[in-house]
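Q: Can you read through this structure? Questions will come right after.
The values are calculated or read from the model by the stated rules, or taken from the named source; none is laboratory data. This one's a predicted model, so the numbers in the text were calculated from it and none came from an experiment. When we count neighbours, we look across all protein chains shown, and the Cβ atoms used for this are built from the backbone with ideal geometry, even at glycine. For accessibility, only protein heavy atoms count, side chains too; no ligands or nucleic acids. Shrake-Rupley method; radii C 1.70, N 1.55, O 1.52, S 1.80 Å.
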Amino acid sequence: MRVLVKSLLHWILPSQCYCCETLLEVGQPGICPACLSTIRWIEPPFCTRCGVPFPSRVGENHLCGGCLTRRRYFTIARAIGYYEGSLREVLHRWKYEEKTYVTSFFGEKLEEGFFRYWPRPSFDLIIPVPLHPKRLKERGFNQALLLVKELSRRTRIPYAKRILQKKIPTPPQVLLNGEARDKGVRGSFHIQNAEEIRRKRILLVDDVYTTGATVNECSRLLLKAGAEQIDVLTLAHAVLHH
Amino acid sequence: MRRGPKDGRPSLLDQTKSPVRIQRFRLPLIPVLIAYGIGLFGGQFNLRFTLQSLPFLLALLSLWFLAILLKKIRWASFLLLSFFFFLGFFSIQNYLYPNLPPSHLSRFIGSEGIVLEGTIDRSPQRTRTGTQLLIHGHKIISSDHSIPVEGRLLLFLKEPDPPLRIGDRVRFLCRLHRPQGFHNPGVFSYKRHLAFERIYTIGFLPVERGWVKVGEGFKNPILLKIESWRDHIRNFLEKEATPPSSSLFQALALGEQGTIPEEIRESFIATGIAHLLAISGDHLGIVAFLSFTLSLWVMKRSEYLLLSIPVKKWAAGLTLPCLLLYTFIAGGGMSVIRATIMVLTLFVAIVFDRARHLLYTLGLAAFIILLFSPPSLFDVSFQLSFIAVLSILYLVPRLSRNLKKHEGMDIPQPISRRERIGNYIRLSFLITVVAILGTAPFVALHFNRISLIGFFTNLLAIPWVGFLIMPISLMASLFSFFFPPLASLLITVNQFFLTLLLKVIGLFASLPFASIYLPTPTPLEMILFYLFLFLGVHLRKGKKIQYLFVGVCVIWMADLAYWHYQDAFRKDLQVTFIDVGHGDSILIEFPKGKTMLIDGGGLPDNRFDIGKHVIAPFLWKKKIRRIDTLVLTHPDPDHFNGLNFIASHFRIGQFWDNGGRIESESYFELEKTLQRRKIPRLSLHEGFPPQSVNGGEIVILNPPILNSGFRTQFTPSFQNNQSLVMKLRFHQVSLLLTGDIEKEAEVRMIQKGDSLRAQVLKVPHHGSLSSSSPLFLEAVQPEYAVASTGKGNLWPLPHPEVVDRYERLGTRLLRTDLHGAITVITDGQQIEIIPFRRH
């Protein structure tokens, strides 16, 4: 019966690949095999701290140069895939063209990664990296919050949407380099209801990790407000090419 | 979208793209839609199928199910496609060639009036001349008993605003008619138009208050409520706004365009914005857009809402009730419902995240509409909205991609306000152009008229009406229920906006070449045009497309050349007696492309322009745009009322008449047109030398030389006897064209010793007993006689006695009321007669 309904729905409104818009067959996931194969998932070895994958495909996980020199407030940060190719394209469609139907696909991937990186999770709360209200009004949704909702639904860990807030608008991070990012985001966040996070283990979620400046600043604030530990999960990791 | 390889990893991409399996019918709905559409199209031809349609369809369906069970996919698809083909075919056949039961109203069509009782099936529609009621028949009452009947009757009342509602039970005395159309090749058929609404019977109530309300049938409370809202809004608009504006507000809010003055409608048509007058996809689209943006804007004010709910979907959800409310207030007519289905489908697709392929969604909407109402396929408004949306969805993204240099998905850069306005204007211009181009072939097909200025006026008028006048009218209508002062204020402001628009539109409409009239395009031309557009946007795709594009252009040129020179090579002579109901209109096509039109039909009260709606479309269909000689045999309304439109919209070489003039407004209008267009005018009489036209010879036999001028003081019979009588000779073949002459003129010509013998005779005076005297027929000895008569006429013509006279002579009598248009083709030796309808 379910097959019948499904094929009828397919018959009426067939689904298309999120990325290249070719039509999909019944039962295929939301992204076509061709596009799926161009997504590079993050595999070891990567930095034990910030999760940046190393170019060499062999060797053990170890700390990266950045994490040795810069102070990281989060315990570990992990990402699901490389911020490039189809993943980058789908992410952009999702974020800038409001194709919010990709969210569940991302949720699925986040869930997989989440349980891979934290086989025995002990988080009390998931918190999204916030958007400035002005940006939120422009866009109509907070992409990090959408991911958080998906993940929370799948892992049954509660989430908080308004504890961490953005006070000062900063230019899109993608346009800046590392140094400027650290400076730029400093002091741009704000915490409300600090008691709600006291002694909590928190998973901070965002869509893209570039230099870690944003999540680092958020982690700093959260720790200062009394959180016990901050881990970070992002959908994509932008690996800077040298 | 960027699929190209990046970062030097091309091989990976290319390898993975190719092995994607091509499944049969990846878009399963499209072939089904096409099969169904072909079936619907084929259904209009009367093939007199005696197949039992229902068992046949059920059999196909069960075979399909069997094939699915047996996993014979190929068979299953074939069976499914044929199922939908026959479904379409039979449903149209069922409308056009129905098997009506013996108790159907149409079985009581006859010369005698009957007393009928029935309920009103839809809210009374106002027209310029009165009111139209759709009556669902219950019983026919005679003195001692009543007969139950079924079927629907379209009843025309004289009073403009009868106190009747949907669901009322009325009784009236009325003569039933079959819907009459004019049976000419390629011309709109009123009969078919009504048959698609399952109306096979019409009636007129000649006197006011010719009906009695005998009770109330079942009334749907919801419909009744909506009806009362509509009444309220109508009264409000009529009270608060002055006539020309109020009629337009009513059109926009209630979908009632019956009271829009003809001049305003004409100026809207000339400037290509007539689509704004009829509630259709664009209106519903605008309502959807406005309520969506408004609710989105309101919800975006709250940060809490933004974080808690997907505001976009909620806004879309809130839009649905607004859309439905508007649909009902707008009268829920078929075209409104169709537009709602289309807008709803697109909207639902967005809400349920299935909007990845809007073109496909459009196909789905079309499919739903056609399943729901098969005749929509033949409906102008359906065709135009569908094609407009199709071309916008298909062409605009491709064109704007071609216009933009780079493509790709990068982070949107912040853009300045000026840039944004520039983009907006560019996009609206593109959409306007594409929609006009896309619909052009169908506009030409149905209206023979394209507005050149429409490219510009639409850009102006659509936002003006869509975002100003229409929303304000709707708001005012809404506020008229709770807060009338604000509503009146809104209407006053709105009236100002509308007056401004009407002024500007009137100005544009008066420009020369604001709109041009086009001959009807052939199917080949329409296909070529669409190929031209399709290939045009894909020109960059490579050499093959470019060659094809050039090929299409060449064929198109050849086609234009063919139609241009086709007449020049004509060797035979064609005479067509056009079906104009009661009245005359005869087209003569001489060899090498000279044309003559004798008389232009016309109804006595001129409430329906025969010239515009019957003769001109017929000429355009034949691709005739020039009439070398326009002839008026004598100034009677049933001969000249249709000529004014022809004289003003075709190129006319010269005008001939019999020198008679009458005092009548529409006659003066014709004279004015002739003067304005500086058409040389000749008054003919028997003394006029024979005229030779490309091998044909015209001899004038009547009237005798007389002083011309007003002849109102003379009897009608005198007027008729003054008719221009022409004998047309082409080698061995002669035709005698007699106008409305009576016995007196007939005898006069015989006595004068004119050679009257002709193979084809136009029966004088539509077959009246006053004419076709035996002596005259003896002198002419026609093989064929053609009578131009109307059906369901006040005067049942031709007179039986006259028919007898022709029969006795062994002449074959053809009648436009039975045979439709009658074409006589001769090469100078042989005569071929082609009636449009086989009687």
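Q: Determine whether region B:518-526 contains at least one residue that is closer than 30 Å to B:Ile698 by Cα and either in contact with a Leu (Cβ under 7 Å, 6 or more places away or on another chain) or surrounded by fewer than 18 Cβ atoms within 10 Å (Cβ to Cβ) (or both). Working first, answer last.
A: The initial filter retains those residues of region B:518-526 that are closer than 30 Å to B:Ile698 by Cα, namely B:519.
Filter again for either in contact with a Leu (Cβ under 7 Å, 6 or more places away or on another chain) or surrounded by fewer than 18 Cβ atoms within 10 Å (Cβ to Cβ) (or both), leaving B:519.
Yes, because at least one residue in region B:518-526 is closer than 30 Å to B:Ile698 by Cα and either in contact with a Leu (Cβ under 7 Å, 6 or more places away or on another chain) or surrounded by fewer than 18 Cβ atoms within 10 Å (Cβ to Cβ) (or both).
Q: Do we have any residue at all in region B:185-201 that's touching a residue at least 60 places away in the same chain (Cβ under 8 Å), open to solvent by less than 80 Å² (accessible area, probe 1.4 Å) and at positive phi?
A: Yes, that holds for at least one residue.
Q: Another question, then. Which residues, taken from region B:653-688, are surrounded by 17 or more Cβ atoms within 10 Å (Cβ to Cβ) and at positive phi?
A: B:Gly659
Q: Identify the residue in region A:164-177 that is exposed (fewer than 14 other Cβ atoms within 10 Å of the Cβ) and either assigned to a helix (DSSP H, G or I) or of a type in the set (A, V, I, L, M, F, W, C) (or both) and, among all such residues, is modelled with the highest pLDDT. Steps first, please.
A: Start the filter on region A:164-177 by keeping residues that are exposed (fewer than 14 other Cβ atoms within 10 Å of the Cβ), which leaves A:167-169, A:171-172, A:174-175, A:177.
So of that shortlist, the ones also either assigned to a helix (DSSP H, G or I) or of a type in the set (A, V, I, L, M, F, W, C) (or both) come out as A:168, A:174-175.
Numbers: A:Ile168: 85, A:Val174: 60, A:Leu175: 60.
So, considering only residues that are exposed (fewer than 14 other Cβ atoms within 10 Å of the Cβ) and either assigned to a helix (DSSP H, G or I) or of a type in the set (A, V, I, L, M, F, W, C) (or both), the one modelled with the highest pLDDT is A:Ile168.
Q: A follow-up question, please. Considering only region A:99-143, state which residues are of a type in the set (D, E, K, R), surrounded by 15 or more Cβ atoms within 10 Å (Cβ to Cβ) and within 11 Å of chain B (Cβ to nearest Cβ).
A: A:Lys99, A:Lys137, A:Arg139
Q: Of all residues in region B:781-813, how many are open to solvent by less than 80 Å² (accessible area, probe 1.4 Å), in contact (Cβ under 8 Å) with a residue 60 or more places away in the chain and at negative phi?
A: 6
Q: So B:Ile73 ticks every box in (1) surrounded by fewer than 15 Cβ atoms within 10 Å (Cβ to Cβ); (2) at pLDDT 80 or above; (3) β-branched (Val, Ile, Thr) but one. Which box is left unticked?
A: (2)
Q: Looking only at helices (runs of 4 or more DSSP H) that lie completely in region A:68-163, which have at least 2 residues being modelled with pLDDT under 85?
A: Numbers: elements: A:85-96, A:103-117, A:133-139, A:143-155.
Passing ranges, in order: A:85-96, A:103-117, A:133-139.
Q: Please pick out the residue among B:Phe482, B:Phe467 that is open to solvent by 30 Å² or more (accessible area, probe 1.4 Å), more than 31 Å from the chain's Cα centre (by Cα) and at pLDDT below 90. Working first, answer last.
A: Details: B:Phe467 fails: more than 31 Å from the chain's Cα centre (by Cα).
That would be B:Phe482, the only listed residue that is open to solvent by 30 Å² or more (accessible area, probe 1.4 Å), more than 31 Å from the chain's Cα centre (by Cα) and at pLDDT below 90.
Q: Also: Scanning for something modelled with pLDDT under 75 and within 12 Å of chain A (Cβ to nearest Cβ), does region B:27-35 turn up at least one residue?
A: Here is the first cut: in region B:27-35, the residues modelled with pLDDT under 75 are B:27-28.
Then drop every residue that is not within 12 Å of chain A (Cβ to nearest Cβ), which leaves B:27-28.
Within region B:27-35 (the criterion being modelled with pLDDT under 75 and within 12 Å of chain A (Cβ to nearest Cβ)), the answer is yes, since at least one residue qualifies.
Q: In addition: Kindly indicate whether B:Ile341 is in a loop (DSSP other than H, G, I, E, B) and more than 12 Å from every other protein chain (Cβ to nearest Cβ).
A: When the stated conditions are applied, B:Ile341 does not pass them.
Q: Still on this structure, please answer the following. Tell me, which residue of region B:555-596 that is closer than 22 Å to B:Gly820 by Cα and of a type in the set (Val, Ile, Thr) is surrounded by the most Cβ atoms within 10 Å (Cβ to Cβ)?
A: Applying the filter and picking the extreme gives B:Ile578.
Q: Right, here's the next one. Could you tell me which numbered condition B:Arg165 fails, if it satisfies all but one of (1) touching a His at 6+ places or on another chain (Cβ under 9 Å); (2) closer than 25 Å to B:Asn220 by Cα; (3) in a loop (DSSP other than H, G, I, E, B)?
A: Only one criterion in (1) touching a His at 6+ places or on another chain (Cβ under 9 Å); (2) closer than 25 Å to B:Asn220 by Cα; (3) in a loop (DSSP other than H, G, I, E, B) is unmet by B:Arg165, namely (1).
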